[in-house]
Structures are given as C-alpha cells and as structure tokens.
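**Student:** One structure coming up, written as structure tokens, with questions to follow.
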Amino acid sequence: MFNQRDPTSALIRDLQAVVGKSYVVHAPEDLLVYEYDCSIDREHPSIVVLPGNSEEVAAVLKLAARAGMPVTPRGAGTGISGGAIPVGRGMVVALTRMTRILDLDPVNRIAVVEPGVINLDVTKAAAQHGLFYAPDPSSQKACCIGGNIAENSGGAHCLAYGLTTNHVLAIEVALPDGDVVWLGDPTGLEPGYDLRGVFIGSEGTLGIVTKAVLRLLPAPETVTTLLAVFDQTDYASAAVSAVIAAGIVPAAVEMMDRLAIQAVEASLHAGYPKDAAAVLLIELEGLRETVAEQAQAVAAICEVQNARAVEVAQSAEQRERLWAGRKGVAGAFGSIAPNYYILDGVAPRTKLPEVLRRVEEIAARYEFPVANVLHAGDGNLHPCILFDDRVPGADRRVLEAGMEIMRVCIDAGGALTGEHGVGIEKQDCMAWVFSEDDLAAMAKLRPAFGADAKFNPGKVFPGARGEWEGSTGARRIMERALAAGAYI
Ligand SMILES: Cc1cc2nc3c(=O)[nH]c(=O)nc-3n(C[C@H](O)[C@H](O)[C@H](O)COP(=O)(O)OP(=O)(O)OC[C@H]3O[C@@H](n4cnc5c(N)ncnc54)[C@H](O)[C@@H]3O)c2cc1C
C-alpha cells in the first residue's frame, strides 16, 4: 500500500540517488508520454524511473517495495493489450536506457542483451556473422527484447521458427523484492523446473527481465517471397490450409484483405493489387534447390485454390517492399481512419473462412469498417476495426464488437491471444477458457516469484483492473493519499 506517512519526495530523492536526477520523471507534463501504449487504455503514472543496469533495477524495486508503490515494467510501449499501462498509477520502470548488446558469440550462436535492445538491432548485429534472431514481430523496428519476453511475442516468421520462448535460453530477472536471479541456462539444457519458460509470456507480472541470452540461427542460404492474389478471401484461406496440408511449412504465410491492401497502397505503395479481395505473402527459406521446388509447389497449390496471379519477388528490393507493406500496415490505417482497434484472436486454420465471415457480419452490425491482417499460417487473425474516437460512444461500441469477435474465435476452437497477450484488454475473457481452478493455479505463481497484486497491477486475471480501480482498490487509496497532500 502507498505509505502516506512516507513523503513521496523522499522516494524521489532516493530514486535519484540510484539512477541519477535526469532519469526520474515526475513532472506531470513529462509523465504524459508514459500514459499510453498501443492499446486503447491509458493511465497517468505517478512517477517513471529509467534505470541503467541490473543493479539499478534491483535497487529501484527495493525502494518501490519499501514505499508500497505499485510497479509497472515498460519497454517500448508498443504492446497492444495494455500491459505497460500503470493501472492504479504508481511507478513505471522503463527499461529503454538498457540498450547494450553485451556479448555476441558467433561460435556458440548466442547474444547476451539488455532488455531495452530493439528486436531488429539483434539481427542487424548478428548479420555480420551470417546469423539472425528469428522472432520478428511486425513492430520489430521499435519493440524491445524485454517486452518480447514478457509477451512471448511472435511474428511473421514464427510459423516455421516458433515464438520468443523458443529463442530465449536464459534470463536474468530482478524479482519484485529486488533480488536478482538467473532462470534457464545458455546451453538450453538446465535441469530442474523450467522457470525460464514460466516467466516468458507472464506479461510483466513476475519480475523485470534485466538481461537475456538469445539463440541466434544461421541465415538461410536463400529466401523466396511469393505474392498470391485472390478475388475472394475464402480462396486465400483455403490456399493457406492446402499449402500446410501438402507438408510444406513456409517460413511465413501472411494474409491481408481488401481494406488492408487499400490502406497499404494509399501510403506505402508495396505493390499489392488494389482491386484484390486478399493477398498472401508466402516466404520460403532454406537450401536453394529445396526452396525452388517448394516455390513451384506453392504456386501450383495457390492456382488450384483459384489464385488469380502468383508473383515471385525478383529482387531483394522487391521482397523488402512487399514486406514493408505487411509490416507497416498498422501505421497505414492512419491514411484511411482516425483510429483503429486491433484484435488478436486465433482460430483453427480450416475455420478461417467461417470466422472471417462472422468478423465481417459483426463489424457491419456495429457499422464499423474492418480490415483483416493475419499470420494466416498459424491461424492468428488481427481484425482491425476502424473508427473515430471523437464520435461519442464509438470507443465503447468498438470494444463490444471486439469482444464479440473474440467470442467467435473461442467458439471456433481457437485461443484468446496469438501474441499480444491478455493484459487489461482480454482479462475478462479469461473465464471463457479457464476454470476457476485453472486461474487459481496461475495466481499461485505470483507469490512464488515474490510478486503481489501491486506488481504490474490490474492485469491478466478476470476483474483485476476493476479491483484496482473500484471503490476498494488502489484508485481510492491513491485518492486518499492525494487528499492527504502526498505527491502522486
Ligand atoms: C504496429 C504493431 C505491430 C505489432 N506486431 C506484433 C507482432 O507481429 N507480434 C507480436 O507478438 N506483437 C506485435 N505487436 C505488439 C508488441 O509490439 C509486442 O507485444 C512487443 O513484444 C511489446 O514490446 P515493448 O517493448 O513495446 O513492450 P511494452 O509494450 O512496453 O510492454 C509490454 C509488456 O511487457 C512488460 N515488460 C516490458 N519490458 C519488460 C521487462 N524488461 N521485464 C518484464 N516485463 C516487461 C510490460 O509490463 C508489459 O506487460 C505489435 C505492435 C504494434 C504497435
């Protein structure tokens, strides 16, 4: 609990002594930029601290624990489920100063990095040794490794390579009480409980990643990218299932529908046909001969599934342009609508046509346009509902439409999140897929890591945000503190 007898200014001084004066942000106007991530939610933090190394993170957590301050870890703030939003206000610990690649060992194919390292910078550094870091969220130019670990992030190429958890061998973690421990082992062969695996995907609720040992892979001998164009989204969905059913596992199979294509072409000019109902971006990687054979097979399958054209990128420049369209699609929505709400559901691949039809129906009923972007190979769909939050009630209706869409994914046998996490956004849907016993078992993990409800409060568990903001929650505690003259 926030200790009203401990003047927060003393806390500020103590924090400044640990990290330096410039790295404790407390002026209200400076705190504004930390209110947001890329979700719809927002909350003004009481204070933001930017530590520069593991020891400083540990010392900051000790001070927060002593002051009873809620703590929310934050990377680049690109999260889409609200994980970095400081529900209940309190302290945001931003890891964006910790951007060093501490070691890059091409022989053992590992990189040791700090949590604020940008995802793409790992591959850029590894490329000189012919290596790369496989997890590639579309936000990879901005998001940090610490955030990726917290969310167990995926990306276009995770169809073949797996998610973040498959590429993080060990992590150094500052626990909520300030103890620093290593979980996992650089060999990937540590005996005992896989606490590394437990931590990855825990959405910043168990501690703060302060270092990570990442697995690097040899760059493939060759890469071929195909663009398959369809006049119906059903045809594109059927082609995805047919490719996988033929025993081919491309490195990536991405799908975009008509509205997504139009948004991309209006601003990024990636070279997608504007009149197509859907395009598939299919990437094959590996040995030259195998990739050539697979490219022919994939093109033939797409044609059987009614592709009106299949184009193979002829140069690295064309390939990059095709991918820039896909990776920039979220930003491109700004050219066709003031706001968008991006969902993250999963459905079995074979049910994608039916699920996409239901998405369309729901959006039409709420009178919103919807654009669909999919990591189609693993059935991960991102319906993007376009809206204008200046229209009264639009934000509420968009959330309702989103919940209906999530329900459709679950009813189709899918999952609540493919990669964006539960956070604030989907906490109340957790009860759709987990029993009370399941949730109670998950909740027991937090005390095992020394985390109580104040560590990244208001996340993941059904009703968690309400508890913090309700009449008995942190909001009331904070308001009492404010009334008593405390700085919050
Ligand atoms: C345009 C766009 C495209 C995206 N595409 C993808 C995609 O393809 N795949 C995908 O998986 N995601 C995607 N995302 C979502 C987002 O980029 C990822 O979830 C990313 O991993 C978040 O990283 P971040 O550094 O921005 O974390 P933040 O948003 O700052 O935080 C996310 C969560 O991680 C926690 N956290 C942050 N740092 C640490 C740390 N060091 N230790 C412990 N917890 C920490 C926070 O508390 C929070 O719960 C996309 C987002 C955008 C805006």
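No value in this document is a laboratory result; all are computed from the given coordinates. This is a predicted model, so every value here is computed, not measured. Virtual Cβ from ideal backbone geometry, glycine too; neighbours counted across all protein chains shown.
**Student:** Using Cα pairs under 8 angstrom and six or more residues apart, how large is the relative contact order of the range 238-331, in percent?
**Tutor:** Values: 89 pairs, mean separation 33.2, N = 94.
For the range 238-331, the relative contact order is 35 percent.
**Student:** Among the aspartates and glutamates, which fall within straight-line cross-link reach of LYS62, defined as a Cα-Cα distance under 12 Å, with same-chain neighbours fewer than 8 residues apart omitted?
**Tutor:** ASP14, ASP177, ASP179
**Student:** Right, another one. Determine, from the Cβ-Cβ distance of GLU320 and ALA246 and an R0 of 22 Å, the FRET efficiency 1/(1 + (r/R0)^6), rounded to the nearest 0.05.
**Tutor:** Working from the Cβ atoms, E equals 0.20.
**Student:** Over the chain, what is the relative contact order in percent, taking alpha-carbon pairs closer than 8 angstrom and at least six residues apart?
**Tutor:** 16
**Student:** Another question, if that's okay. Find, among the GluC sites (Glu not before Pro) in the range 326-383, those assigned to loop by DSSP (not H, G, I, E, B) with at most 16 other beta-carbon atoms within 10 angstrom.
**Tutor:** Details: sites: GLU354, GLU360, GLU361, GLU367; in loops: GLU367.
Sites meeting the loop and neighbour criteria: GLU367.
**Student:** Sticking with this one: At q = 0.07, 0.10, 0.13 Å⁻¹, what is the base-10 log of I(q)/I(0) for the chain according to the Debye formula with one equal point scatterer per Cα and no solvent? Please give it to two decimals.
**Tutor:** Log10 of I(q)/I(0), two decimals: -0.38, -0.77, -1.26.
**Student:** Charges only on Cβ, +1 for Lys and Arg, -1 for Asp and Glu: so what's the dipole of the chain about the Cα centre, in debye to the nearest 20?
**Tutor:** On the way: 42 positive and 60 negative charges, 200 e Å.
Computed about the Cα centre, the dipole is about 960 debye.
**Student:** Which of ALA347, ALA295, VAL93 sits closest to the plus end of the dipole of the chain, meaning its Cα is farthest towards the positive end, when Lys and Arg get +1 and Asp and Glu get -1 on the C-beta?
**Tutor:** VAL93
**Student:** What is the ratio of the Cα radius of gyration of the range 292-333 to 2.2 N^0.38 Å, where N is its residue count, to two decimals? Walk me through the intermediate numbers first.
**Tutor:** Details: Rg = 12.9 Å, N = 42, 2.2 N^0.38 = 9.1 Å.
Rounded to two decimals, the normalised Rg is 1.42.
**Student:** Now for a different question. Suppose we keep just the alpha-carbon trace of the range 101-218; what are its Rg and Dmax in angstrom?
**Tutor:** 13.1, 40
**Student:** Starting from the range 22-98, pick out the GluC sites (Glu not before Pro) whose DSSP state is loop and whose Cβ has at most 15 other Cβ atoms within 10 Å.
**Tutor:** Numbers: sites: GLU29, GLU35, GLU43, GLU55, GLU56; in loops: GLU35, GLU43.
Those satisfying the criteria are GLU35.
**Student:** With r defined as the distance between the Cβ atoms of SER335 and LYS21 and R0 fixed at 51 Å, what FRET efficiency is calculated, to the nearest 0.05?
**Tutor:** On the way: r = 41 Å, r/R0 = 0.81.
My answer for the efficiency is 0.80.
**Student:** Ok, one more. Can you find, among GLN140, ILE200, LEU214, the residue sitting farthest towards the positive end of the charge dipole of the range 101-218, where Lys and Arg contribute +1 and Asp and Glu -1 at Cβ?
**Tutor:** GLN140
**Student:** Report the gain in length on full extension from LEU287 to THR99: 0.36 nm times residue separation, minus Cα-Cα distance, nm rounded to one decimal.
**Tutor:** Here the segment from LEU287 to THR99 would lengthen by 64.3 nm.
**Student:** Rg to Rh for the range 1-118: what is it, with Cα atoms only and Rh by Kirkwood? Walk me through the intermediate numbers first.
**Tutor:** Values: Rg = 15.3 Å, Rh = 15.0 Å.
For the range 1-118, the value is 1.02.
**Student:** Could you give the size of the charge dipole of the range 222-331 about its Cα centre, using +1 on the Cβ of each K and R and -1 on the Cβ of each D and E, expressed in debye and rounded to the nearest 20?
**Tutor:** For the range 222-331, the charge dipole is close to 200 debye.
**Student:** Counting other C-beta atoms within 10 Å, and keeping those with at most 11, which DSSP coil trypsin sites (Lys or Arg not before Pro) do you find in the range 1-99? Write down the numbers at each step before the final one.
**Tutor:** Details: sites: ARG5, ARG13, LYS21, ARG42, LYS62, ARG66, ARG74, ARG89, ARG97; in loops: ARG5, ARG89, ARG97.
Answer in residue order: ARG5.
**Student:** Which lysines have a Cα lying under 18 Å from the Cα of LYS444, excluding residues fewer than 8 positions away in the same chain?
**Tutor:** Filter leaves LYS454, LYS459.
**Student:** Here is a follow-up. In debye, nearest 20: dipole of the range 101-218 around its Cα centre with unit charges on the Cβ of K, R (+) and D, E (-)? Walk me through the intermediate numbers first.
**Tutor:** On the way: 6 positive and 13 negative charges, 87 e Å.
For this selection, approximately 420 debye.
**Student:** Then there is this: Based on the Kirkwood radius over alpha-carbon pairs, what is the Stokes-Einstein translational diffusion coefficient of the range 305-356 at 37 °C with 0.692 mPa s viscosity, in µm²/s? Don't skip to the end; give the middle numbers.
**Tutor:** Details: Rh = 14.3 Å.
Once the numbers are plugged in, D ends up at 229 µm²/s.
**Student:** Hey, can you grab everything whose amide H is under 5 Å from the amide H of PHE387? Only 5+ residues off in sequence or another chain; H modelled, so Pro and N-termini drop out.
**Tutor:** Result for PHE387 returns ASN339, TYR340, TYR341.
**Student:** On alpha carbon coordinates alone, what is the Rg over Rh value for the range 337-430, Rh being the Kirkwood radius?
**Tutor:** On the way: Rg = 12.4 Å, Rh = 13.1 Å.
Rg/Rh: 0.95.
**Student:** While we're here: Under 19 Å Cα-Cα from LYS124, which lysines qualify once same-chain neighbours fewer than 8 residues away are excluded?
**Tutor:** Here the lysines satisfying the reach criterion relative to LYS124 are LYS141, LYS211, LYS327.
**Student:** Also, I was wondering about something else. Output wanted: per-residue J couplings in Hz (rounded whole) for the range 162-168, from phi through Karplus 6.51 cos²θ - 1.76 cosθ + 1.60, θ = phi - 60°, x for Gly and Pro.
**Tutor:** Using θ = phi - 60°, the values come out as x, 8, 3, 4, 7, 10, 10 Hz.
**Student:** When you take every Cα atom in the range 222-331, what is the radius of gyration, and what is Dmax, the widest Cα pair distance, in Å?
**Tutor:** Radius of gyration, then largest Cα-Cα span, for the range 222-331: 13.0, 37 Å.
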